[in-house]
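What follows is a set of notes on a single structure, which appears directly below.
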């Protein structure tokens with residue numbers, strides 16, 4: 001008897017093709033609503049509460065180690081992000097200028113965010129490496145949605161796109177997880193580089209953040225999802241959730257694309273996305289979204305025994 005497993009993207013596509021709507025749940029930065037973001041406790045909480053996909057962000061240290069961080073700096077530049085406590089450094093000290101040994105001096109679980117009242121502190125929690133997150137793979141049948149935090153206007157903050165994706169691909173192959181990884185980014189250069197390096201890795205094009213869109217020359221937020229797919233070679237389009245309409249999703253599906261919007265945390269927004277027939281939803285609260293989807297008639301989230 002297999003342990004309780006969340007359905008995979010392949011199973012979801014099969015369900016979709018048979019006209020049974022199934023929505024996958026991506027835990028944004030693990031489970032940001034309940035645990036310090038982008039930490040092992042957040043990822044484990046998401047796994048334990050039904051997430052189908054762990055969404056996470058990657059930076060690269062000075063000694064070329066992939067670490068999990070939404071911000072390219074060790075200290076946040078706005079109050080809505082994880083705060084790590086440790087040695088004092090100048091503002092906007094880039095992770096790419098620090099070694100892994102230096103990063104390990106920081107506690108990134110001791111403080112909670114006021115925007116997430118359910119978030120529980122986990123003192124002593126370190127910034128995880130990408131390898132440590134991939135080590136969670138045996139805990140269930142879930143995928144990894146991995147974002148490269150890279151910036152064409154600030155090349156000093158990361159390796160080149162080619163070097164960045166090579167580090168990711170090497171780590172994924174060491175764990176034999178190619179079929180369980182999605183590579184997403186606002187920086188389309190990294191998607192194109194990954195497609196050239198390893199076409200087996202699924203790609204997701206992020207759109208809808210003004211900074212990310214400006215970075216890639218996207219000025220029209222009503223740009224249809226199909227053209228983004230053609231531009232990037234991505235199989236998945238991941239728009240800011242307010243961009244989603246039934247018409248855009250239908251056009252994407254007709255072109256063989258999936259639509260996975262970010263980051264929706266309220267039932268009224270989930271309902272609009274379900275009505276638009278998206279394939280998955282990225283949320284800060286995978287526990288709540290999974291419960292809500294499962295409570296619908298018929299259920300919209302299916303677990304495989």
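The values are calculated or read from the model by the stated rules, or taken from the named source; none is laboratory data. Everything quoted here is computed from the prediction, not taken from an experiment. Note that each Cβ is placed from the backbone with ideal geometry, even for glycine, and that neighbours are counted across all protein chains shown.
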I'd like the full set of residues that are surrounded by 19 or more Cβ atoms within 10 Å (Cβ to Cβ) and either at pLDDT below 95 or under 23 Å from residue 249 (Cβ atoms) (or both), limited to region 192-214. 202, 203, 204, 205, 206, 207, 208
Being crowded, with 21+ Cβ neighbours inside 10 Å and more than 15 Å from residue 25 (Cα to Cα) is the filter here; which residues of region 240-256 pass it? 244, 249, 252
Being part of a loop (DSSP other than H, G, I, E, B) and surrounded by 20 or more Cβ atoms within 10 Å (Cβ to Cβ) narrows it down to one of 59, 51, so name that one. 51
Answer yes or no: is there a residue in region 229-239 that is under 30 Å from residue 65 (Cβ atoms), in contact with a helix residue (DSSP H, G or I) (Cβ under 8 Å, 6 or more places away or on another chain) and crowded, with 20+ Cβ neighbours inside 10 Å. yes
The condition from (1) closer than 29 Å to residue 129 by Cα; (2) out of contact with any helix residue (DSSP H, G or I) (no Cβ under 6 Å at 6 or more places or on another chain); (3) surrounded by fewer than 22 Cβ atoms within 10 Å (Cβ to Cβ) that residue 189 misses is numbered (2)
Among the residues of region 265-287, which ones are part of a loop (DSSP other than H, G, I, E, B) and either modelled with pLDDT under 95 or surrounded by fewer than 22 Cβ atoms within 10 Å (Cβ to Cβ) (or both)? 265, 266, 276, 277
Is one or more of the residues making up region 28-42 on the phi < 0 side of the Ramachandran plot, at pLDDT 95 or above, in contact with a strand residue (DSSP E or B) (Cβ under 8 Å, 6 or more places away or on another chain) and part of a helix (DSSP H, G or I)? yes
What about residue 98, is it buried (at least 19 other Cβ atoms within 10 Å of the Cβ), over 25 Å from residue 198 (Cα atoms) and at pLDDT 95 or above? yes
Checking the condition farther than 23 Å from residue 102 by Cα and in contact (Cβ under 8 Å) with a residue 40 or more places away in the chain, which residue from 133, 146, 172 passes? 146
Check off (1) closer than 25 Å to residue 32 by Cβ; (2) out of contact with any strand residue (DSSP E or B) (no Cβ under 7 Å at 6 or more places or on another chain); (3) touching a residue at least 24 places away in the same chain (Cβ under 8 Å) for residue 197 and give me the number that stays unchecked. (1)
Search region 274-299 for residues that are free of Cβ contacts under 8 Å to residues at least 40 places away in the same chain and at negative phi and pair each with any residue that is surrounded by fewer than 14 Cβ atoms within 10 Å (Cβ to Cβ) and part of a helix (DSSP H, G or I) when their beta-carbon atoms are under 6 Å apart and the residues are at least 6 apart or on different chains. 276/246; 292/267
